[in-house]
Structures are given as C-alpha cells and as structure tokens.
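Here the structure is laid out as structure tokens; the discussion comes afterwards.
Just so it is clear, none of the values below were taken in a lab; they were calculated from the coordinates. Just so we're clear, the structure is a prediction, and the values are computed from it rather than from any experiment. Methodologically, a virtual Cβ is constructed for each residue, glycine included, from the backbone with ideal geometry; neighbour enumeration extends over all protein chains shown.
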Amino acid sequence: MSAIVTADLLDRVRDRLAETTSEPSPAMVAAALRAEAGGVLGDTDLLRALRLLETEFTGVGPLDPLLADPAVADVLVTAPDEVWVDRGRGLQRTTTRFADEAAVRRLAQRLALAAGRRLDDAQPWVDGRLPGVGHSGFGVRLHAVLAPISQGGTCLSLRVLRPATQGLDALVAGGAIAPDAHALLLRVVAARLAFLVVGGTGAGKTTLLSALLAQVDTTERIVCVEDAAELAPPHPHVVRLVARAPNVEGVGEVTVRDLVRQALRMRPDRIVVGEVRGAEVIDLLTALNTGHDGGAGTVHANSPEEVPARLEALAALGGMDRAALHSQLAAAVQVVLHVHRRADGTRRLVEIGLVRREANGLVGIVPAWSAIGVEPAAGALNALLDRRSGL
C-alpha cells in the first residue's frame, strides 16, 4: 500500500459509503476516495484503491467467483482465512481469504442491508435473501451471525437457490428413483393422494416435489407457497407465492401461514407448501381436509417415523394439541416420501410410506415401498390407489 493510499484513508471511505442507502457504484467509490484524499490522489493510486474497495463494496466481494461456479451450492465463512464450499461432495476448504475479521463483518452487514435487514450489535444475526446474486438466477439465501455471539468472529452462510426443474425421468436415469418406485409415484399423483416429502438438509426434497408436480394434469391449478422461491415445476398453471421478511424497521412481514390462507381463496386444485417449518402446518392440514386433495409439502425429518413428532412440534406453535394434530394428519395426508443424501453426495428416494392411524389414535408411517425391500403396507397402498383411481 502506498503512502497516500493508507488504511486510515480506506477506513474513512468505508465510513462515508456506509452512510449511503443504495449499493455503492464504482463512480460513488471513486468520488468518496477523491473527497477523503483531499484531491491529491493520482490516477495510479486511485486505481489501486478502487480495486481494493470495489472487491469489498460490489457484488459479494471475494466470494463472487465461488458463487459464480455452477457446481457450488453453499459458501460458508467461519474466519477470514476459512472459506468453505459444498459442490455436492461435502465441504471443501478454498484458497479465498479476507483481509481480516473486520472485512468479513463489513461484507455481512452490507449483504444484510441489500436483503433489507438489519445486522449490528443490537441485532447480531440475520436471515434473508439476496435476489440477483449467484449463478442460478434465483438468488442466494443469506445467514450471518456477528461476534461475540459467534465466538470465532463473523460467521457467514450463503446458499445458492436453484430452480428445481429436474423431471422424474431424469431422476430415474440418474439413479435417484428406482423404476418400480417411479411407477408407484405416478399412480400417487394421478390418484390425487396428498403426500409429504421428508429428509435432511440438501437431501433433494424440493427436487423430488417439483418433479412430481410436473406430472399433475395440465387442467389443474397448482398454488405453491414458499419461504424462498425454489419450486419451478414445468407445468402450465402454477401460481407461486413467496413469503417476505420484515424490513429494517421491522414491518412488512408476510409469513408462509399468511400465504397458505390466501392460497385457499385462489381456487387451487392443489395447494403445495415448499417447506413446512411452522404453524402453517395447521392451515395446510385444514386445507387438505376441506376438499383440497392432492396437496403436498416438504418437511425436515431424518426418517418417516419421525414425521408425526416433527409435525406435533410445529402444530404446537399454532396452539394445536397432539390429539388434534394426529386426527388431522390421518385424514389429510396419505403418503410420505423419504429422500436421503449419502456421504458421497448422491441423493435417493429410499422409502414410500403409508400414513396409518393406529388403535391408540396416533398416526404411524408404515413402509409401502423400500429400497431395502421391507414393505409391509404395499398391499394397503395399492388398494388405496385402486380405490382412489376409480373415483
């Protein structure tokens, strides 16, 4: 760094640009540099400082090349010299570096502002969406936590939102769905059974759900409700509603639950919730129990057996007790599809379960198809499909 382009000068420029409410343009950065340098900055020094500051103030800073890589799904920053990516084969450390902890913090705060959120000592974490960032065109989901809440310094997590457009045939060809399971899935959709796709993070729940929605009859109207826009089924009549976080003043929030209620008034043939993660489970189950059959959604769960307990916890957020949840679930949902991501990054449908109410009134999930051949409810599911297909 030259004697003129000092760390103190760069800090003053950062402070000046931090006062603006819009994304700093190269012209704004150059003007701030000249103003803080008192007009004595030569062309060479100006270009050097511009290169330093543009990396920091435009795009996603040093992370831009990583997010531009079509193979990258996640970018994680845990320290200035610890930047990790996931390209579908687990986390890999990169050679990307930040100058110091302050640089990571500044980037996190700028991205939070771009997402319309606040991130400072009074609000030390943020969850938002960055439209127009990343290679997918669908934007990036942002999460950041500041020190001292994050003990090692600012922790930044960026997930590339990808449109889930793979069809069932492509999933079968890639080994994600077995041929006999494929035939069963087509029958589930045609018979208008309501289903939940379950699995862990990154297991391919949204991909499978989107592929199944593409099989819905073209005369039907699908209304999709999502927290982040990822579902993009190739179907001629899809209405997509996306939730909105509150702005920096804490107002303007639109929740998934709000949107599920609106979806009921939009003449849907099928209501789909991209991810059930809160009290909206009550509204979804209510909808599926009032004539809106064939609906669907995804739920985070490590196995089908855990789904009732997971939904119990979510329903409790909306004031629904255990008995009522199981009663609603038994009447509303017929099938659970379990997808799993293996250690090598490959994703597979491993089980199709039938929702069955036990003698004690609680709901259980019984395998009707399994990758390992355990399917005690296969006959019951086929009988249900035959019965519904004849309606």
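Please build a GNM for the chain, connecting alpha carbons under 10 Å apart, and tell me which residue among Gly294, Gly274, Gly379 fluctuates the most.
Greatest mean-square fluctuation among the candidates belongs to Gly379.
Rounded to the nearest 500 deg cm²/dmol, what is the calculated helix-only ellipticity per residue at 222 nm for the chain, with -39500 (n - 2.57) per DSSP H run of length n ≥ 4? Display every interim value, and only then the final one.
Numbers: 13 runs with 134 residues, N = 391.
My calculation for the chain gives -10000 deg cm²/dmol from helical runs alone.
So how far, in whole Å, is the C-alpha centre of the stretch 296-371 from the one of the stretch 185-241?
17
What is the set of long-range amide H partners of Ala368 at a cut-off below 5 Å, with H atoms built 1.01 Å from backbone N?
Amide H neighbours of Ala368: Ile352, Gly353, Leu354, Ala377.
If amide H atoms are built 1.01 Å from N in the plane of the peptide, which residues on other chains or at least 5 residues away come under 5 Å of the amide H of Arg221?
Placed amide hydrogens put Asp269, Arg270 under 5 Å from Arg221.
Can you tell me the length gained on complete extension of the stretch Ala178 to Trp125, counting 0.36 nm per residue apart and subtracting the Cα distance? The partial results should precede the final answer.
Numbers: separation 53, 0.36 × 53 = 19.08 nm, distance 4.18 nm.
Here the answer is 14.9 nm.
Residue-wise, which Karplus ³J(HN,Hα) couplings in Hz belong to the stretch 352-365, taking 6.51 cos²θ - 1.76 cosθ + 1.60, θ = phi - 60°, and x for glycine or proline?
Working through the residues one at a time gives 10, x, 9, 7, 9, 8, 7, 4, 7, x, 8, 8, x, 10 Hz.
Which whole DSSP H helices in the chain pass both tests: a Cα extent of 18 Å or more along the axis and a mean Kyte-Doolittle value no lower than -0.5? Present the calculation step by step, with values, prior to reporting the outcome.
Values: long enough: 43-57 (20 Å, -0.05); 101-114 (20 Å, 0.29).
Qualifying helices, which must be both long enough and hydrophobic enough, are 43-57, 101-114.
Take the Cα atoms of the chain, find their three principal axes, and give me the spread along each one in whole Å, biggest first.
83, 41, 41
State, to one decimal in nm², a quarter of the convex hull surface area for the C-alpha atoms of the stretch 271-313, i.e. the direction-averaged projected area.
Numbers: hull surface 11.8 nm².
Dividing the Cα hull surface by four gives the mean projection, 3.0 nm².
Could you tell me the convex hull volume per residue, in Å³, taken over the Cα atoms of the stretch 96-201? List each step's numbers first, then the result.
Working: hull volume 18.2 nm³, N = 106.
For the stretch 96-201, the hull spanned by Cα atoms encloses 172 Å³ per residue.
Using a Debye calculation, one point per C-alpha and no hydration shell, please list log10 I(q)/I(0) for the stretch 168-389 at q = 0.12, 0.17 Å⁻¹ in order.
After summing over all Cα pairs, the log10 values are -0.60, -1.26.
Calculate, for Gln151 and Asp69, the FRET efficiency according to 1/(1 + (r/R0)^6) with r their C-beta to C-beta distance and R0 30 Å; round to the nearest 0.05.
Working: r = 29 Å, r/R0 = 0.98.
After rounding to 0.05, the efficiency reads 0.55.
Which peptide among 175-185, 81-91, 219-229 comes first, and what is the full order, when sorted by highest mean count of other Cβ atoms within 10 Å? Can you show the working numbers first?
Details: 175-185: 16.5, 81-91: 15.0, 219-229: 20.5.
So the peptides 175-185, 81-91, 219-229, ranked by packing, come out 219-229, 175-185, 81-91.
Which one of Gly353, Gly116, Gly318 has the biggest mean-square fluctuation once the chain is modelled by GNM with Cα springs under 10 Å?
So, out of Gly353, Gly116, Gly318, the one fluctuating most is Gly318.
Take the Cα gyration tensor of the stretch 231-329, multiply each eigenvalue by 5, square-root it, and list the three semi-axes largest first, rounded to whole angstrom. Don't skip to the answer; put the middle values down first.
Numbers: eigenvalues 95, 71, 37 Å².
Semi-axes from the Cα gyration tensor: 22, 19, 14 Å.
What is the extension gain from Thr201 to Thr346, computed as 0.36 nm multiplied by their sequence separation minus the C-alpha to C-alpha distance, in nm to one decimal? Don't skip to the end; give the middle numbers.
Details: separation 145, 0.36 × 145 = 52.20 nm, distance 1.30 nm.
This chain segment gains 50.9 nm when fully extended.
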